[in-house]
1. Which length gain, in nm to one decimal place, applies between D310 and E273 when the Cα-Cα distance is subtracted from 0.36 nm times their residue separation?
2. Quick check: Cα centre of the stretch 141-209 to Cα centre of the stretch 95-115, how many Å?
3. In a shell of Cβ-Cβ distance under 13 Å around A308, excluding A308 itself, what net charge do Lys and Arg (+1) and Asp and Glu (-1) give?
4. Once you place label points 7 Å from the Cα toward the Cβ at T43 and R229, how far apart are they in nm?
5. For the stretch 263-334, run through the trypsin sites (Lys or Arg not before Pro) and keep only the ones in DSSP coil with at most 12 other Cβ atoms within 10 Å of their Cβ.
6. Mind listing the Cα extents of the stretch 92-131 along all three principal axes, in Å, largest one first?
7. Sort K96, K175 from largest to smallest accessible area, using a 1.4 Å probe on the heavy atoms of the protein chains.
8. Calculate the spin-label point distance for S285 paired with A193, positioning each point 7 Å from the Cα along the beta-carbon direction, and give it in nanometres.
Amino acid sequence: MIILGVDWSCPVVQTITLLGATGVASVIFLVNLYCYFTCGQCTSKARMEGKTVIVTGANSGIGKETVRDLAKRGCRVIMACRNLDTAKAVQEEIIKSTGNNSIILKKLDLSSQESIRAFAADIIKTEPKLHVLVHNAGVALAIRGAKSVDGVELTMATNHYGPFLLTHLLIDLLKNTAPARIVVVASELYKLASVNLNNLNPLNTKPAAYLYYVSKYANIYFTRELARRLEGTGVTANCLHPGLVDSGIWRNVPFPLNYPVKLITRGFFKTLEQGAQTTIHLTVSDELKGVNGKYYMDCKEATLNRAAQDMEKARKLWEESAKIVKLTKDDPKI
């Protein structure tokens, strides 16, 4: 059989093809083996009975694995999810597999300020304590961007402005529960972008994927300024890079690019369980008690580049973010 000028029935061609395929498979295996032994593992055996943790975006990806781990530790976990149908199945699965019935599901769309305020009001009404708030939810568009119901660019609305507003609305509950923690899932991909303080609602940016990197940069600025403002309150804020993870964040890559992306993510990226380790570490580890304003990778403190340590820019981003989410004088202050 001759295709593209190659006789695929030829034994030599078949042998070369087999060797090539074997070589690729071997490389993928070795990379996965390397990742398994070198990626950080949360070694803490801390139990979480009596603790309440909110995990946003908990219906899939590393959020789901974070909930599963916390459930095994006896934690009361509130899954804050946009898609309740998918989340319900995940909730039931985790309850069944861990035997922990204290896995609560609540509606939260981080791209909608109305949804965030409704969620926060419900939490304040029903939860006497909140020990950890995990900002895990995120969205990454590919080429074309989109606009939230509030007229804010969708990626920035979901990944940065949503967590910013939610933190403000729940901060008093966290302070009253202190010691408490805020954990923000950022990304090392922040290094591929910068935050333009003159255009913090970057509609019509193409490719829209770039705004994912911008939002992760904003997560880091937010965490550092938040930590500064929380000094002495008993509430700490830290952020992390989970690693390159084979998660649903890549589902919006369009055809035909989605095929090579799937090959790369499944062959070379961390598994969901591996990707959740640093989030879990920051959430449960006793050694993190009192640690504030730090950036972690593979369960170890990592170094930010100089630009990401610019506290003046972090302050300005905070002030402009407050305007975009329409904070009022009646909202809790940080």
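The values are calculated or read from the model by the stated rules, or taken from the named source; none is laboratory data. Because the structure is a prediction, the values reported are computed rather than measured. For neighbour counting, all protein chains shown are included, and Cβ atoms are generated from backbone atoms with ideal geometry for every residue, glycine included. We work out accessible area using only protein heavy atoms, side chains counted, and drop any ligands, DNA or RNA first. Shrake-Rupley method; radii C 1.70, N 1.55, O 1.52, S 1.80 Å.
1. Numbers: separation 37, 0.36 × 37 = 13.32 nm, distance 3.27 nm.
My answer for the length gained is 10.1 nm.
2. Their Cα centres are 20 Å away from one another.
3. Neighbour charge sum, excluding A308 itself: +2.
4. Modelled inter-label distance: 3.6 nm.
5. K289, K326, K329, K333
6. For the stretch 92-131, the Cα extents along the three principal axes come out at 34, 24, 14 Å.
7. I get K96, K175, largest accessible area first.
8. About 2.6 nm, to one decimal.
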